[in-house]
Amino acid sequence: MTAKVLDGRKLAFNVSKDLKKEIAVFKKRGANVPRMVNVMIGDDEGTCSYAKSQKKVARDIGIEYNLKVVSAEINQSEFISLIKEMNADTKVNGILIHKPVPEHIDYAEAASYVSPSKDLEGINPVNIGKMMMGRTPIIPCTPASVMQHLKSTGVDLRGKEVVLIGHSTIVGRPLSMLLLDQLATVTICHIATSQAGKLIDHIRRADVLIVAVGKASLIKGEWIKPGAIVIDVGINRQDNKIVGDVEYESASQKASYITPVPGGVGPVTVVMLMRNALEAYKIQNESIMKAKDQ
Ligand code: NAD
């Protein structure tokens, strides 16, 4: 069996098209376009290129993207004050804290100050709580990207054995909730699963295998159940190349669908950020939109 490749660039293009259409409708009604701010602490060249690609995607969709670079000397309380200012600024619809942040900044604490209605990463505790109850459209971007990929296969997840490797707060944990919403049977594995020597047993029975670890080629193709769907979230630099957590060539011979790295989960994640920007904008403008419809 050779797996069908889940082309993230194509999927990102298709989802972007839908977002673009929605924004065009708002523009036609004379509303402002959604405006987002990416706050970057310090001016790191490597992560700047990521911001540039976000800007390009935002522009293409019709979202105003502003990069706010603040001094690397900023302290935690000054940073939180800045977030509060942006929360109060009606010209800002969405806020993103650029990662990585310097060591002296507590990212999780800072992120909890971003207003839930402007939280583009869906990581404010209020949004995480609402997500668990299925009560917010603002979903963490990478888990949302994985769900888009799974949706694109057309496979019903109900009752499927989904094995998720990685239990981080930005990927594994929120993703497990979204999978549960689809009535999948979800197993979450992590470092201790490996240390207990049980990882391969879990992988062997997975109808859907999702890997978000950050270790190049950790997962071998021979462990994968024939016909499984394989979603590789990992991004690792190896011999000057970007590779995933799954051994791509051997896994492609066993899986029914597989995401490549690069070009799989990543491009759709950026578009999910834009979808959150649009959802945040809609939450903030709900009453205006309703009034215009009447
Ligand atoms: P993290 O370091 O916060 O979590 C890693 C997880 O892997 C933990 O649950 C840990 O217990 C588990 N783990 C580590 N070694 C293991 C092993 N040998 N066996 C089993 N489990 C093991 O990482 P993260 O922030 O969730 O990111 C994971 C990967 O996904 C990274 O490569 C990151 O770059 C990538 N990532 C990609 C996107 C994207 O949009 N494509 C977004 C976020 C993260």
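The values are calculated or read from the model by the stated rules, or taken from the named source; none is laboratory data. The structure presented is a predicted model; accordingly, all values stated were derived computationally and were not measured. Because the Cβ atoms are built from the backbone with ideal geometry, glycine has one as well, and the counts that use them run over all protein chains shown. Just so you know, the surface numbers come from the protein's heavy atoms only, side chains and all, with ligands and any DNA or RNA stripped out. Shrake-Rupley method; radii C 1.70, N 1.55, O 1.52, S 1.80 Å.
Annotations
- Residues in the stretch 257-286 that are more than 10 Å from the ligand (Cβ to nearest atom), open to solvent by less than 30 Å² (accessible area, probe 1.4 Å) and either over 30 Å from Phe26 (Cα atoms) or of a type outside the set (A, V, I, L, M, F, W, C) (or both): 6 in all.
- Matching residues in the stretch 172-195 - criterion: being within 10 Å of the ligand (Cβ to nearest atom) and surrounded by fewer than 20 Cβ atoms within 10 Å (Cβ to Cβ): Arg173, Ile188, His190, Ile191, Ala192, Thr193, Ser194, Gln195
- Test: residue in the stretch 246-254 that is surrounded by 24 or more Cβ atoms within 10 Å (Cβ to Cβ) and in a loop (DSSP other than H, G, I, E, B): no
- Of all the criteria given as (1) crowded, with 22+ Cβ neighbours inside 10 Å; (2) farther than 19 Å from Gly214 by Cβ, the one not satisfied by Gln148 is (1).
- Here the strands (runs of 3 or more DSSP E) wholly within the stretch 1-103 that include at least 1 residues being open to solvent by 40 Å² or more (accessible area, probe 1.4 Å), among the hydrophobic types (A, V, I, L, M, F, W, C) and out of contact with any helix residue (DSSP H, G or I) (no Cβ under 6 Å at 6 or more places or on another chain) are 64-70.
- In this structure, Thr169 does not qualify as in the same structural domain as Lys241 (by TED's automatic domain parsing), more than 10 Å from the ligand (Cβ to nearest atom) and open to solvent by 50 Å² or more (accessible area, probe 1.4 Å).
- Qualifying residue in the stretch 207-215 (condition: open to solvent by 40 Å² or more (accessible area, probe 1.4 Å) and either in a helix (DSSP H, G or I) or over 24 Å from Ile170 (Cα atoms) (or both)): no
- The one condition in (1) within 15 Å of the ligand (Cβ to nearest atom); (2) open to solvent by 30 Å² or more (accessible area, probe 1.4 Å); (3) without any contact (Cβ under 8 Å) to a residue 24 or more places away in the chain that Val126 fails to fulfil: (1)
- Only a single item in (1) away from the ligand (no atom under 16 Å from the Cβ); (2) more than 29 Å from Ala206 (Cβ to Cβ); (3) surrounded by 15 or more Cβ atoms within 10 Å (Cβ to Cβ) is not met by Leu120, and it is number (1).
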